[in-house]
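The values are calculated or read from the model by the stated rules, or taken from the named source; none is laboratory data. Quick caveat, the model's predicted, so the values are computed rather than measured. Here the Cβ positions follow ideal geometry from the backbone for every residue, glycine too, while neighbour counts run over all protein chains shown. Note: accessible area is taken over every heavy atom of the protein model, side chains too, but ligands, DNA and RNA are not part of it. Shrake-Rupley method; radii C 1.70, N 1.55, O 1.52, S 1.80 Å.
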Amino acid sequence: MQAEQWLDVYPFACQVGAQISKAELIFRRETMNKITNIGVLTSGGDAPGMNAAIRAVVRTGIHRGLDIFGIRHGYQGMITGDIFKMQTTDVSNIIQRGGTIFKTSRSKEFHTPEGMKKAYDQLRRHGIEGLILIGGDGTFRGAAEFFELHAIPAIGIPGTIDKAITGTDFTIGFDTAVNTAMEAIDKIRDTAEAHDRLFIIEVMGRDAGYIALNCGIAGGAEDVLIPEEVTKIDEVLDRIDSDERRKKTVHIIVVAEGDDFGGAKELQAAIIEKFTLLDVRTCILGHIQRGGAPSYTDRVLASRLGYAAVNALMDGKSQVMAGLINNEIAFTPFPNVIKGGLTISADMTDLIRVLSS
């Protein structure tokens, strides 16, 4: 295999060809063709089901005759060399646990050439020839930057509760987070009805409103405010006024933290200003949505994607995320995952209005 052929296979490497010798390029290509050592890490925000994905990667890799290395504390652990060889017993009894046994972090140092060089040296020191990265768009952005300099083959697994990436119908942790929020809404509705109160419930979703929209529909919310739509506060207040005129005693509003009008507190202030006699309360669910045992859906999804990621790396794939589209495994290049546009179905938002009337 000539270095030029390697460059054809990996366009990213063309951008830095002058910085890498032909011998090094050939070495890396040959290494990828006979991967025997894989590193796996979790990065960014934690999500229920990450442990199930780790378990699937470790056991699939070992079953395929590979050596699997766990990397603690995400990219920062790659820099510091917090890396250890794993056995199948290391992932026993973790499929039902939330969080991540590897811990996770966000590393500013990794996004510098110096930090990436340290990380690359650590991978070479441990003989790691390929990576499986469990995280969100920030994780995959880091992988794309790393590949431009050091061309380590990598496969991504989408682990993020807010589903704010393209290339997959569902992300690991989303189903659990929505169910957690929905259960909270059910409980809040009981006390709201007992006191004839309006409750504003803030859920996670800095850039995407999928959690808010789905738990709002499932929880019977009267209104849902999401980042994908401009919030017209006058229309929100008009809907509350209409409910008051109809003697509707319970009013639940779900707002994503990234809504353009603001979070629960800002919305509460606007409502109280107009409806001075209305009893308005807020509940910010926060990080409770990230914790807890993963649902059946998240455990199966994580297991399927972990299994697929190992097989993909062995088949020579790189710089792609393993996702699930129409219940089939699909691979999407990192740049498309990172830059892909997210849309919310107009039918879903209309559904809220119709069913709450």
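Rolling a 1.4 Å probe over the protein heavy atoms of the chain, with every protein chain left in place, gives an accessible area that is 50 percent carbon and sulfur. Under 18 Å of direct C-alpha separation, and excluding same-chain neighbours fewer than eight residues apart, Lys103 reaches these lysines: Lys85.
Taking all protein chains as shown and a probe of 1.4 angstrom, Ser303 keeps an accessible surface of around 40 Å². Note on the chain: antiparallel DSSP beta bridges, both residues inside, total approximately 20 percent of the bridges counted.
In Å³ and rounded to a whole number, note down the convex hull volume per residue for the Cα atoms of the range 213-357.
Cα-based convex hull of the range 213-357, divided per residue, equals 144 Å³.
Each 10 Å bin from zero holds the following percent of Cα-Cα pairs in the range 198-262: 24, 53, 22, 1.
Looking at the range 60-104, what % of the alpha carbon pairs are farther apart than 17 Å? Of all Cα-Cα pairs in the range 60-104, 40 percent lie more than 17 Å apart. If you take the Cα centroid of the range 282-328 and the Cα centroid of the range 118-141, the two points sit 18 Å apart. Per the Debye calculation on the range 30-75 with a single equal scatterer at every Cα and no solvent contribution, log₁₀ I(q)/I(0) for q = 0.23, 0.24, 0.28 Å⁻¹ amounts to -0.85, -0.90, -1.05. Taking 26 Å as the straight-line reach from the Cα of Lys247, the lysines in range (excluding those fewer than 8 positions away in the same chain) are Lys187, Lys232, Lys265, Lys274. In the set (i) 67, 42, 38; (ii) 100, 42, 38; (iii) 77, 42, 35, the label that goes with Cα extents along the principal axes in Å computed for this structure is (iii). Evaluated with a Cβ-only charge set (Lys, Arg +1; Asp, Glu -1), the range 121-246 carries a dipole of roughly 540 debye about its Cα centre, given to the nearest 20. Ligands, DNA and RNA aside, Lys187 has an accessible area near 140 Å² when probed at 1.4 Å.
Here the range 305-357 is treated as a sphere whose radius is the Kirkwood value from Cα pairs; by Stokes-Einstein at 25 °C and 0.890 mPa s it diffuses with a coefficient of 181 µm²/s. Farthest towards the positive end of the charge dipole of the chain, among the residues Tyr210, Ala330, Tyr307, is the Cα of Tyr307, using unit charges on the Cβ of Lys, Arg, Asp and Glu.
Can you tell me the orientation of helix 296-314 relative to the chain, as the angle in degrees between its alpha-carbon axis and the longest Cα principal axis, to the nearest 10? With both axes taken from Cα atoms, the answer is about 20 degrees. What the chain shows is 44 Å² of accessible area per residue, with the surface traced by a 1.4 Å probe over protein heavy atoms.
Peptide packing: for 257-269, 208-220, 83-95, the average count of neighbouring Cβ atoms within 10 Å per residue gives the ranking 208-220, 257-269, 83-95, highest mean first.
Under a model in which nothing but the beta-carbon of Lys, Arg (+1) and Asp, Glu (-1) is charged, the chain shows a dipole of about 1420 debye around its Cα centre.
Compute the whole-percent fraction of alpha carbon pairs in the range 70-137 spaced more than 21 Å apart.
Numbers: 600 of 2278 pairs.
So the pairs more than 21 Å apart make up 26 percent of the total in the range 70-137.
Per the Debye calculation on the range 137-263 with a single equal scatterer at every Cα and no solvent contribution, log₁₀ I(q)/I(0) for q = 0.09, 0.21 Å⁻¹ amounts to -0.34, -1.16. Of all DSSP beta bridges located in the range 37-90, what percent are antiparallel, nearest 5? So the antiparallel bridges in the range 37-90 amount to around 40 percent. If you line up the long axis of helix 113-125 against the longest principal axis of the chain, both from Cα atoms, how many degrees apart are they, to the nearest 10? With rounding to tens, the tilt is 60 degrees.
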